[in-house]
Amino acid sequence: MFMTKNVIKNLLCKSATRMYPAVTREPFAGFRGMLENAIDVCIFCKKCQLSCPSQCIKVDLKARTWECDPFACVYCGVCVDVCPVASLSMRATYRPVTAEREMIFMQGPPKAVKAKAGEKKEEKKEEE
Amino acid sequence: MARTILPFGPQHPVLPEPIHLTLEIEDEIVKSAVPALGYVHRGLEKLCEIRDFHQMIQIVERVCGICSKIHAMCYCQGLEELMGVEVPRRAKYLRVAWSELHRIHSHLLWIGLFADAFGFESLFMQCWRIRERIMDINEATTGNRVVVSVNVVGGVRRDLSKEHQTWIGEQLKLVEKEVLALKSTIVSDYTVKRRTQGVGVLTKDQAHQLGAVGPVLRASGWAQDARMLGYAAFDELEFAPVVEYDGDCYARLVVRFREVLQSVDLVRQALSRLPEGDINVPVKGKPKGEVITRVEQPRGELLYYIKGNDTKFLDRLRIRTPTFANIPPLLAMLPGVELADVPVVVLSIDPCISCTER
């Protein structure tokens, strides 16, 4: 008899699951889904590399490169906390699936050697 | 009939993780059991020699996928004791709130798996549906569903806003309502009682002599809980250990079911008394000396031994997980049990093999 109540409830109430992937839930604001680096702001200080527990980040100050292995990253967010210029951030969406193992490789802009503001902008455009 | 040797595991439909038991059987009754461990050893303790003590927080979290927060909390407590850091009160309350949320979802997961072990699929489904609310709370407040990474030496990394607190309160109300709706099924259903009552009995003396911990110990009539030590903010919260006296699988089920409701109450208490202030303090210096810390995991008492040598690497990190302590009691429960009940008995200690082998 105790089943009757449950059966009626299940017939009338909304489904507990979602029609994924047609319907997706909005990610929560503080979710750590993807590591991103604003390479223009990055000063290549290596703090993220030294604090990373899974050692997935490689920074080269001379070549001005920042490299991350997204398959080794554990999304703990420690690098984001230690970043002195806040160039690292976590996006609240998952990284899309890939069939190949790819590194996130980022080449920073060349170091500005007391150039004028106008020249700097032109240099960036050329790079793009 | 002559005695037969039957291997149970390492791969078995009821086992989430690999453990091997060599069962000696006579007329389908188990006479003795010999365990074999070591299928998922990862060498996490050794990593303390090449990762500094801050990075180890993220590594000890991965000892156990279900109670990650509690592992990190135990490790941080040990280091704070070594380095003489006084954690802010707000951080202590937040640690309690998150660790109790972990206990709720771990117990709901276990009740589901246990129901699955004796073929009660719909109870499994209901428990895991309720658990999803707790996972959402984890995701919204800490940034991840399972491995939450909120602990640092000296406090916690994230704060709970007022909106989050009220939202957690609302969600917990729903969780409590839904868990109570399952009460009649879990506690008084004929199927559940038939499969669990009187099966795998661990007497009060045996539980003490073999060093059982956690719900296994409390189901045998001992009112022992590491939370009674008063770590974090547990000394300021109202709390009494849940005790059952039969020592069988049913008693262990009831203990865990009642602990879900107790943890809901503890989260509410922690949030209602949440003091204002900082959530962490800056930590200077390196750990030096030895320390042993204990906390209560969902599965029982967790013990960390930490030895620092005044460098950023630890000399030794030893983790004794509750499942390791509960394997001798399991071997005492098995003799006399029917072969068909072995999965139920094995699952009743809530085995976490990855924890045990680290």
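Couple of notes before you dig in:
- The alpha carbons of region A:42-110 occupy a box of 32, 23, 19 Å along the principal axes, longest dimension given first.
- Over chain B, relative contact order from alpha-carbon pairs under 8 Å, at least 6 apart, %: 26 percent
- Out-of-range pairs (alpha-carbon distance over 19 Å; input B:284/B:307; A:47/B:288; A:9/B:183; B:69/B:284; A:14/B:177; B:286/B:307): A:47/B:288; B:69/B:284
- Helix B:89-117 axis versus longest C-alpha principal axis of chain B: approximately 20°, rounded to the nearest ten.
- Distant alpha-carbon pairs in the protein assembly as shown (separation over 36 angstrom), percent: 37 percent
- Cα-based shape type of region B:124-250, given that a ≥ b ≥ c are square roots of the gyration tensor eigenvalues and the cut on a/c is 1.5: oblate
- Cα gyration tensor shape for region B:1-149, rounded if a/c is under 1.5, else prolate or oblate: oblate
- Compactness relative to 2.2 N^0.38 Å, alpha carbon Rg of chain B: 0.99
- Chain lengthening between residue B:290 and residue B:42 when straightened (0.36 nm per residue, less Cα-Cα): 86.9 nm
- Phi angles across region A:63-77 convert, under the Karplus curve 6.51 cos²θ - 1.76 cosθ + 1.60 with θ = phi - 60°, into 3J(HN,Hα) values of 7, 6, 10, 10, 10, 9, 8, x, 7, 8, 5, 9, 6, 7, x Hz, Gly and Pro given as x.
- Order of A:3, B:135 - criterion: other Cβ atoms within 10 Å of each residue's Cβ, fewest first: A:3, B:135
- Looking at region B:195-235, the pairs of alpha carbons with a distance over 13 Å make up 56% of the total.
- Segments A:103-109, B:161-167, B:211-217, A:77-83 sorted - mean Cβ within 10 Å per residue, highest first: B:211-217, A:77-83, A:103-109, B:161-167
- In chain A, the longest principal axis of the Cα atoms and the axis of helix A:2-12 are about 50 degrees apart.
- Taking 7 Å steps out from each Cα toward its Cβ at residue B:52 and residue B:208 produces label points 4.8 nm apart.
- Per-residue mean of foreign Cβ neighbours for A:50-59 is 3 (Cβ atoms of other chains, 10 Å radius).
- The distance from the alpha carbon centre of region A:34-98 to that of region B:36-92 is 23 Å, rounded to a whole number.
- Length gained on full extension, residue B:193 to residue B:163: 6.6 nm, using 0.36 nm per residue less the C-alpha separation.
- For chain B, adding -39500 (n - 2.57) for each run of n ≥ 4 DSSP H residues and dividing by the number of residues yields -15000 deg cm²/dmol at 222 nm.
- Charge tally in the Cβ shell below 9 Å around residue A:33, where Lys, Arg are +1 and Asp, Glu are -1, residue A:33 excluded: +3
We did not get these values from a lab; they are worked out from the coordinates using the rules stated. Everything numeric here is computed off the predicted structure, so don't read it as measured data. Positions of Cβ are generated from backbone atoms using ideal geometry, with glycine treated the same way; all protein chains shown enter the neighbour counts.
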